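**Student:** First the structure, which I've put down as structure tokens, then a few questions once you've had a look.
The values are calculated or read from the model by the stated rules, or taken from the named source; none is laboratory data. Values in this document were obtained by computation on a predicted structure and should not be read as measured data. All Cβ positions, even for glycine, are placed from backbone atoms using ideal geometry, and neighbour counts span all protein chains on display.
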């Protein structure tokens, strides 16, 4: 299944080149992920005010950062995401 991409008119301003709604993927039990529930994106280091508003409007409460510690240190996640739980993967570059 292909990831659903946003059109130019509805693209979130926080979206990076690798952003998508993960809705539609089938789980092992046959159920599908609901559209508008799980999103993926490149890093959130350069959020605009509009982008932050879009994240709030989508109801995103958890941000998982899978970048290496070095990548995250170079471009930290926007501090205005406060109030949302942040989780970080602990791995190093290979």
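**Student:** Looking at the structure I just gave you, is residue 68 surrounded by 14 or more Cβ atoms within 10 Å (Cβ to Cβ) and farther than 13 Å from residue 81 by Cα?
**Tutor:** yes
**Student:** Then there is this: Say whether the condition of being modelled with pLDDT under 85 and surrounded by 14 or more Cβ atoms within 10 Å (Cβ to Cβ) is met by at least one residue in region 31-38.
**Tutor:** No, region 31-38 contains no residue that is modelled with pLDDT under 85 and surrounded by 14 or more Cβ atoms within 10 Å (Cβ to Cβ).
**Student:** State whether one or more residues within region 2-20 are loosely packed, with under 14 Cβ neighbours inside 10 Å and at pLDDT 80 or above.
**Tutor:** no
**Student:** Still on this structure, I have one more. Please count how many residues of region 71-82 are part of a loop (DSSP other than H, G, I, E, B) and exposed (fewer than 12 other Cβ atoms within 10 Å of the Cβ).
**Tutor:** Number satisfying all stated conditions: 1.
**Student:** Here's a check for you: in region 39-49, which residue that is within 15 Å of the chain's Cα centre (by Cα) and modelled with pLDDT of 80 or more is surrounded by the most Cβ atoms within 10 Å (Cβ to Cβ)?
**Tutor:** 44
**Student:** Within region 50-65, how many residues turn out to be surrounded by fewer than 13 Cβ atoms within 10 Å (Cβ to Cβ) and touching a strand residue (DSSP E or B) at 6+ places or on another chain (Cβ under 9 Å)?
**Tutor:** Number of matching residues: 3.
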